[in-house]
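Laboratory data are not the source of any read-out in this text; all were calculated from the coordinates shown. For clarity, every value in this text was computed on a predicted model and none was experimentally measured. We place every Cβ from the backbone using ideal geometry, glycine too, and count neighbours over all the protein chains shown.
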Amino acid sequence: MNRERGIAMDEKKISELVRRAVETREMAYAPYSKFKVGAAVLADNGEVYTGVNVENSSYGLTNCAERTAIFTAVTNGMKKIIAIAIAADTEEPVSPCGACRQVIYEFSDKDTIIILSNLKGDRMIFGVEEILPYGFK
Ligand code: THU
């Protein structure tokens with residue numbers, strides 16, 4: 001059991017979710033930034049939904065990996081995020097953008113686990129109020 005920052009989640013489940021985010025990242029469509037991101041959401045129905053960043057030649061239309069994964073999860077009936085893992089090839093574990101933090105906030109509660117990771121196996125774990133204090137709801 002992982003008690004990092006008071007968060008209770010089985011170590012194997014965390015590693016598996018990170019593995020899914022890393023694996024999914026390969027499918028990213030990022031010809032403009034060349035920055036591939038993968039995300040994996042463990043939903044309240046027990047299923048894992050994955051997503052990648054999908055860029056567009058009209059840059060502002062880009063969808064981040066986190067939002068792709070969350071929107072797919074919602075499409076499949078998710079009401080609440082149990083955990084979300086995000087992975088990119090970064091020096092430090094990749095940090096979600098402000099827009100994605102607000103979207104994560106929408107489907108989170110105090111028990112939701114947010115796992116930032118990179119390809120070297122580094123990891124940071126946060127609760128939603130830590131990454132977006134006093135978010136809009
Ligand atoms: N990106 C994500 O997918 N998630 C984030 O949290 C940060 C940024 C993507 C968007 C864009 O395709 C690329 O990373 C560079 O910004």
Folded to 0 to 90 degrees: helix 11-25 orientation relative to the chain principal axis, Cα: 10
Charge dipole magnitude, Cβ of K and R +1, D and E -1 - the chain, Cα centre, debye nearest 20: 100
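Need one number: % antiparallel among DSSP beta bridges in the chain, to the nearest 5. Could you put the intermediate results ahead of the total?
Details: 18 of 25 bridges.
Around 70 percent antiparallel, to the nearest 5.
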Evaluated over the stretch 1-136, the Cα radius of gyration and Dmax, each in Å: 13.7, 44
Roughly what angle does helix 65-75 make with the longest principal axis of the chain, taking Cα atoms, 0 to 90 degrees, to the nearest 10? 70
What spacing in nm lies between the two simple spin-label points modelled at residue 61 and residue 102, each 7 Å away from Cα in the Cβ direction? 2.1
If the cut-off is 25 Å between C-alpha atoms, which lysines fall inside it for residue 80, apart from same-chain ones fewer than 8 positions away? 12, 13, 110, 137
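Fewest Cβ neighbours within 10 Å first, please rank 18, 74 accordingly.
Ascending number of Cβ neighbours within 10 Å: 74, 18.
Return the ratio Rg/(2.2 N^0.38 Å) for the stretch 13-71, where Rg is computed over Cα atoms only.
Details: Rg = 11.8 Å, N = 59, 2.2 N^0.38 = 10.4 Å.
This ratio for the stretch 13-71 stands at 1.14.
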Dmax and Rg, reported as Rg then Dmax, of the stretch 61-131 (C-alpha, Å): 11.8, 35
Per the rule of 0.36 nm per residue minus the C-alpha distance, extending residue 134 to residue 15 adds in nm 39.9 nm
Exposure proxy check on 136, 71: fewest-to-most Cβ neighbours within 10 Å is 136, 71
